[in-house]
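What follows is a single structure, written as structure tokens, with notes after it.
The values are calculated or read from the model by the stated rules, or taken from the named source; none is laboratory data. Quick caveat: nothing in here was measured; it's all calculated off a predicted structure. We place every Cβ from the backbone using ideal geometry, glycine too, and count neighbours over all the protein chains shown. Ligands, DNA and RNA are stripped out before the accessible areas are found, and what is left, the full protein with its side chains, is counted by its heavy atoms. Shrake-Rupley method; radii C 1.70, N 1.55, O 1.52, S 1.80 Å.
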Amino acid sequence: MLLSEVGYARPATLEQALGVLAEYPGARALAGGQTLINVMKARAAAPDVLVDLAGIPELKGIELGPDGTLELGPMTTYTELIASAEARARPILGEVCAQIADVQVRNRGTIGGNVCSSDPTNHLPPLLVALGATFTVTGAGGERTLPAADFFLGVYMTAAGPGELLTKITVPAGRSDGFASVPIGVDGTCIVNAAATVNGGVRVALGCVAATPVVVEAPSADAEAVRGAVRAAGLEPPSDVHASADYRAHLAEVVAARAVAQAERGS
Amino acid sequence: MKVAGERGFEAPREAVWRVLNDPAAMAATMPGVESFDVQDDRHWRANVKIPLGLGTLGMTMSMEKTEEREPEFASLAIKGNGVGAILSMTTAFNLSDDGAGTKMDWEADVRIAGPVGSMGQRVLQPIVNQQVQQVLAALDEQIRKASTGTDGPTAPTEA
Amino acid sequence: MEGIPVVTAQSVTVDVNGTTYEREVEARRLLIHFLRDDLDLTGSHVGCDTGNCGACSVLVDGTLVKSCMLLAVQADGARVETVEGLADDEQLSPLQQAFSDHHALQCGYCTPGMLMSATALLRENARPSDEEIARAIQGNICRCTGYWNIVKAVKAASGQEVAE
Amino acid sequence: MTEPTTVAEPVVVEEAEAKRGYAGQSVPRKEDKRLVQGEGVFFDDVKRHNMGYVHFVRSPYAHAKIRSVDVSKALEHPGVLGTLTGDEVATLTDPFFQISSPPGAHLRDFCLAVGKARFVGEPVAAVVATTRETARDASELVEVDYEPLPALTDAREALADDAPLLHDEAGTNLTWEGVYEWGDLDQAFAEADRVISISELHFDRFNSTPLECNGALVEFNRGTGQWTIITNNQFPGFAAIMMGPAMRVGLDKLRFVTQDIGGGFGNKITSHPQLVACCLLARKLKRPVQWTEWRTDFHLSMSHGNERWFQDTQVAVKEDGTLLGFRTTALDDAGAWLRYEPLGGVIWAQVTPGMYRWRHIRLDFKQVVTNKAPVSPNRGYSRMQHLWFTERVIDIVAHELGLDPVEVRKRNYIRAEEMPYETPNGCVYDSGDYAKMLDTALELVGYDGLAEKRADAESRGKLLGVGIGSTLDSGTNNFGQSRLINPELQFSGNNEVATVKLDIFGEIVVTLGTTPQGQSHETTAAQVVADMLGCSVDDVNVRAGHDSYWNSHAGFSGTYASQFAVTGLGAVKGATEMLAGEMKQLASVVLGCAPDDIELADGFARMRENHEAALPFMALGAIINANNAGLPEDLDVTLNCRYVYRPPFQPPDVERKFGNLTLTYAAQVHVAVVEVDPETGVYELVDYAAVDDCGKRINPQVVEGQVMGATAQALGAATHETFTYDEDGNLLTPNFYDYHVPHALDMPPLKTGNIESPSPFTSLGTKGMGEGGGAGIHAVCAALQDALRPRGKPIVYDSCNPYHRVWELLSDPESSRRRVSVEAR
């Protein structure tokens, strides 16, 4: 419950934030804090410095381009995204954010924090991978853009390396998306989740079955085809108190098919 | 938590064995090693800061070679003591010739206790897997370096 | 590049329920401990160490948050509302009164956080349904009541009929 | 979730004496005004000048020798005020008194681990510093040299030759065992048409996780040698008995103070080790010390409910489903220490036959220690495990014999006309009508229309099941049952105290010996007093909380074991009767009549025949307290009355393990309707009814609140709540991340009903209540077994059925079925 001593900085600009991150190798960005502060309470992590991103206007906001592309500021809270008229261009985003945790967490937690914490049970990593989002990462050396699938490197590890920040999430246009999960209790932590799109091919990203989302392409939206594709992916999910590896692998097939079915209904 | 695997190296068995038994080379494969000292040919100690993305986990690790049959088999017992965690691990590897290269069968039993352990297995198991993958990738690099004499990076790239 | 300050402690000014407080506080201090230990506002409680239970729920600049997942320094300059500010001069608010009328509390430990969540809900939604109420208090754990009477109380406080 | 529905007309079995008054009414709670304003005083709200914060260093190992503990670096840390280690504790204190007979009696239990750590999270040392954060920082600097030992985490392996031995002093992990046998088992099995064997059932480890964890603020008065312990311990009487001898001081040196407690459910009975550590630190450091237990600490180390295996069960049954008897072995996992145990080894016997008429019963109780957190009472303590077992047996028997579980229950329930009913072991069920309760519950869920609902669920690809959980909530312990555990123990009976006084300005002041945690004692006590004194509840001031300085506590004071409505209110009634008598006597002297001519009404003591001749309570209070010159010398009136309620118990017969172990038996029948998704094992409670009978209800709203809360806890325990350990003894559910308790959206629609069967044995017709919610666990297990029947008739064998277990039952029903066999005779 009690944090180790930590430094705190509240930059007003992206440049200042990157400056602090560069100066202190043990610094970590503080977004909504709904994961990081808890990890610090357990003292499972003890960053030297927290760089509070709340005061940086350019990291906020949602913009809808003329072609339907959504540009999401990483400091957008779930609540803001749910309420955003622009974000309804890709309705699944708001629908999934509304399932995350509870009101309080949605009020503080940010979409950037969700993906940067890269907890395998989070909702947004598989969703954004399935939607084919791209992430813009900014560091002292400038900006680079990479597909969501390449952003997630491991548990708590992303391509946003030391001295870098996730500065933008770009979601392409599309409507036919689905999301399904088996959580622990209503809207609890996910045991397994899956996001799907059928904009073009059938693309599923599975969460909770590996350190990072696992992408599965199915030959058709038929439930058996989807399940077969998941089976063929040869998942080796972790086992824990909520699910054995076998059960997780089984659920992965079920939720994949359900996510695809929802996506089909939306198309 | 048990993990195991098999890995091929494009180097002769002796070269692989040398790297696996060279504390300095091994230190270079481990994530976040800050200092390393060899107490005797069976005991090493290291101070590490394992990168965990949200922060680092500082640990003092002591390693003991518990069994050795040159040039094919060795086993190690590793103990780590840190603020957030206590780690204990036993690992063993078996080397065999595979054409011009070497095949390594390895297994490890990793146990973690303490606050980090309380973060949940869903997180720990993948973390252990990814650390193992990093070690193996770095090992590749060290073996390549040792067998070709070229300078590769001495430590894995920190994500 | 001109570095910005990195501090391990700083002065924090907050307005809590209409009173301004200024205190020197360590950066690592959670808002809940700042409220309880430094400001002696012990109405908000701690029931977990993982951000799950919601007993520490308060409003920061009108937004419902769990004050155990916020550093006190992050609340610098903010307006904070806690359970201590709900009643007007000992006169219970309709929501507080409804909690009592419908036996929506037993030990009373989760109640302050629960009231803040309900307050936030009623400000946005004057006539919530049962489902909306349950969703609004999803982040608040109560181990005594089973929630049924809490839903009933919030509904009654919004002026809607409830079954007796 | 939706609002609860209540049957409009409570079914009243026996018309209670029709008398207008507060008793029987849902009077608004006195506690609420402060609690809804955040003005309750919980232990952690109290501060003292210069107080230090305690942080415990806890073992990361389930089982390890402690070679050394070095606090030197911690002591050098700025802000650190001092430390406490096991070595110090071993010289400053004696081991806690053990309830058990040998070999459990040989355990040497101190407030910190001495020489060896026996579970993950066990306190090994303590550090005190000027802030909470600093104390934790410094605790990380304490260097403990551990030598890890193999851990014992499965009770079933505790007796193996190569099992790790937890306590060398005991020489075995089997710390207590006892054989209970009543009736004639041979005859029962000879008469049986069928014998159903069940190889193993498992009641899982969980607890009710009160939202406030344990803690205390402890001050030491060096002048008087007395400690003041401001704490949320819910059974100070027990804590004092444990702490005094260990600390080598008299009990008056331990002053316990409590105001508000954030839930207890039994889980706050065994905090005495930590309280001793705090006492030692307060004395050593010459300043108040404060300890707050955090959630993860609580999960790791405090008060798990008893985990129990029922092995080699055999049930003797007639063809028509008449139950004759059973035999079983109960293997109880106590965790690492016997902090309240082995009382669980006898408490279950209060409900030996469950609600059924079988007369031939044998139960071999074995309790073992393991490298897990120590167990202690949890709402429904020890009876819940046993009643879950009897309910599981009923459903398994019914399903295996092709009978209807409703009919089997009705055939075997003890009948209303048999009350009071003496059980095979001499307990007396006071009153009740279980069949009527079942009918009420079934009606609430529309049982007659269930086939339709089943078909509807099927059309949606779901499996619908209905399950019954019937259970008893035995209240008011006879502590004499402890002698069945250890004949040397000098405990029996029970008691509780209240004082009621009329103060100088006419204020009625009540003190209780209890330590309520949400049970509304202030309100219900005021109702009883107001009715008896003929005044308003608003005129009755019931002091909040408990303070052993008030001298209103007895040896068994506390709040536990469903007894306030009997012992607490019995004491209140007794003290109020005394006060009423004194008030009448005083008024009669003043008004010049006989005491019998006086009545108390509307805040006056007045002559029955002449209401004009009246004295307001204020006058009476003033006369005795401030204006007493000239009163007759022989007038023995203080208007300050103390009464100790003592239930009418006899010590049980230790040889036969026979006797009345409990005074009252409230009953609950719950019915759950569940829908299972056969593709995933995920299920949802789609309907739920809880029918309660706790005799005379003083405050129906409060009673219903207890029913609802206990139900919610049971539903949590039935679905997700489990303290599961890995083979190394790491707790896999150490906080609310992985230990999922029900949230608002998890709650099913709830319908409640009630029956009132007043207890013939209590002064108010009340029965203790609040612990009967375990019925929910039984009902959910039964509903799942019913729902899954079309899929290979799996047997629900565990009390906790998270989705993965349901999926296992669905995908491999056979392995669960192998646990059960039916032999035709």
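Of interest is the spacing of the C-alpha centroids, which for the range D:555-603 and the range D:754-809 amounts to 40 Å. For the range D:253-267, backbone phi angles converted through the Karplus equation (6.51, -1.76, 1.60; θ = phi - 60°) give residue-by-residue couplings of 7, 10, 9, 9, 10, 9, 10, 9, 10, x, x, x, 6, x, 6 Hz, Gly and Pro being listed as x.
DSSP beta bridges fully contained in chain C are about 90 percent antiparallel. Dividing the summed -39500 (n - 2.57) terms of all DSSP H runs of n ≥ 4 by the residue count of chain D sets its mean residue ellipticity at 222 nm at -7500 deg cm²/dmol. Legend: residue pairs A:41/A:168; D:501/D:573; B:103/B:145, Cα-Cα distance threshold 21 Å; pairs beyond threshold, A:41/A:168. Scalar couplings 3J(HN,Hα) for the range D:747-763, obtained by applying the Karplus form with A = 6.51, B = -1.76, C = 1.60 to θ = phi - 60°, are 7, x, x, 10, 10, 10, x, 8, 10, 10, 10, x, 6, x, 9, 10, 5 Hz; x denotes Gly and Pro.
Average the reciprocal distances over every distinct pair of alpha-carbons in the range B:1-119, invert the result, and give the Kirkwood radius in Å.
15.2
Contact residues in the range A:1-33 (at least 40 Å² less accessible area with all protein chains than alone, 1.4 Å probe): A:1, A:2, A:3, A:5, A:6, A:8, A:28. Computed from backbone phi, the HN-Hα couplings of the range B:131-144 come to 5, 4, 4, 5, 4, 5, 5, 5, 5, 3, 4, 5, 6, 4 Hz, rounded to whole numbers (Karplus: 6.51 cos²θ - 1.76 cosθ + 1.60, θ = phi - 60°; Gly and Pro given as x). Mean per-residue shielding of peptide C:30-37 is 3, counting Cβ atoms of other chains within 10 Å of each Cβ.
Could you work out the relative contact order of the range D:269-427? I mean the mean sequence separation of Cα pairs under 8 Å and 6+ apart, divided by the number of residues, in percent.
On the way: 240 pairs, mean separation 40.8, N = 159.
This gives 26 percent for the range D:269-427.
Distances between placed amide hydrogens fall under 5 Å for residue D:269 paired with D:234, all partners being 5 or more residues away or on another chain.
What a 1.4 Å probe finds exposed on the range D:571-721 is 46% carbon and sulfur by accessible area, rounded to a whole percent. Treating each Cα of the range D:511-552 as an identical point scatterer and summing with the Debye formula, the log10 of I(q)/I(0) at q = 0.26, 0.30, 0.35 Å⁻¹ comes to -0.88, -1.01, -1.16. Based on the Stokes-Einstein relation at 10 °C and a viscosity of 1.306 mPa s, and on the Kirkwood radius from alpha carbon pairs, the range A:53-168 is assigned a translational diffusion coefficient of 111 µm²/s.
What is the average number of partner chain Cβ atoms found within 10 Å of a Cβ in D:798-810?
Values: counts 0, 0, 0, 0, 6, 8, 13, 1, 0, 7, 3, 0, 0.
For peptide D:798-810, the averaged partner shielding equals 3.
A 1.4 Å probe run over the range D:602-649, with the rest of the protein chains in place, finds 64 Å² accessible per residue. Using r as the Cβ-Cβ distance of residue B:4 and residue A:143, and R0 as 60 Å, what FRET efficiency do you calculate, to the nearest 0.05? E(calc), rounded to 0.05, equals 0.90.
With the cut-off at 1.5 for a/c, could you classify chain D from its C-alpha gyration tensor as rounded, prolate or oblate? Write out the running numbers ahead of the final one.
Details: a/c = 1.77, a/b = 1.12, b/c = 1.58.
Here chain D falls in the oblate category.
For the residues of A:199-212, the average number of beta carbons from a partner chain within 10 Å of their own beta carbon is 1.
Between the Cα long axis of helix A:245-266 and the first principal axis of chain A there is an angle of about 80°, rounded to the nearest 10. Each label was represented as a point 7 Å from its Cα along the Cα-to-Cβ direction; for residue D:193 and residue C:21 these points are 7.3 nm apart. Among the GluC sites (Glu not before Pro) within the range D:480-531, those in coil by DSSP and having at most 14 neighbouring Cβ atoms inside 10 Å are D:488, D:507.
Taking a span of 24 Å or more along the helix axis (Cα atoms) and a mean Kyte-Doolittle hydropathy of at least -1.0 as the rule, the DSSP H helices of chain D that qualify are D:383-401, D:569-591, D:700-719. Around the amide H of residue D:725, modelled in the peptide plane, lie the amide H atoms of D:732, all under 5 Å away and 5 or more residues distant in sequence or on another chain. With the simple spin-label model, which puts each label point 7 Å out from Cα in the Cβ direction, the residue D:763 to residue B:39 separation comes to 7.0 nm.
When the trypsin sites (Lys or Arg not before Pro) in the range A:196-267 are filtered for DSSP coil states and for at most 12 other beta-carbon atoms within 10 Å of their beta-carbon, no site remains. Computed with a 1.4 Å probe on the full set of protein chains, the accessible area for residue B:6 sits at about 120 Å². Along its principal axes, chain A has C-alpha extents of 53, 46, 34 angstrom, given from the largest down.
Listed here are the pairs D:47/D:767; D:30/D:268; B:49/D:284; D:366/D:436; which of them are more than 29 Å apart at the Cα? Pairs exceeding the cut-off: D:47/D:767; B:49/D:284; D:366/D:436. Restricting the range D:250-359 to trypsin sites (Lys or Arg not before Pro) that sit in a DSSP loop and have at most 16 other Cβ atoms within 10 Å of their own Cβ leaves D:286, D:318, D:359. In chain C, the C-alpha radius of gyration followed by the widest Cα-Cα span (Dmax) gives 16.8, 67 angstrom. Near the amide H of residue C:25, within less than 5 Å, lie the amide hydrogens of C:10, C:11, C:12, all on another chain or at least 5 residues away, with H placed in the peptide plane. Geometric descriptor of the protein assembly as shown, per residue, is 189 Å³ (volume of the convex hull of the Cα atoms).
The range A:230-267 and the range A:75-129 have their alpha-carbon centroids 21 Å apart. Working ranking of peptides C:99-112, A:208-221 by packing, defined as the average number of other Cβ atoms within 10 Å per residue, highest first, is C:99-112, A:208-221.
If R0 is 45 Å, the Cβ-Cβ spacing of residue D:50 and residue D:650 corresponds to a FRET efficiency of close to 0.30. Here the range D:669-825 is treated as an ellipsoid with the same Cα gyration tensor; its semi-axes, largest first and in whole Å, are 32, 20, 16. Toward the positive end of the charge dipole of the range D:644-745, with +1 on the Cβ of Lys and Arg and -1 on the Cβ of Asp and Glu, the farthest Cα among D:645, D:707, D:731 is that of D:645. In chain A, helices alone account for a calculated mean residue ellipticity at 222 nm of -9000 deg cm²/dmol, with every DSSP H run of four or more residues adding -39,500 (n - 2.57).
Contact order for chain D, expressed relative to its length and based on alpha carbon pairs under 8 Å spaced 6+ residues apart, stands at 17 percent. What separates the Cα centres of the range B:1-68 and the range D:89-153 is a distance of 34 Å.
Over chain A, calculate the relative contact order: mean separation of alpha carbon pairs under 8 Å at least 6 apart, over the residue count, as a percent. In percent, rounded to a whole number, it is 16.
With a 1.4 angstrom probe, the accessible area lost at the A-B interface totals about 2100 Å². FRET efficiency for the pair residue A:54 and residue B:103, taken as 1/(1 + (r/R0)^6) with r the Cβ-Cβ distance and R0 = 51 Å, rounds to 0.45.
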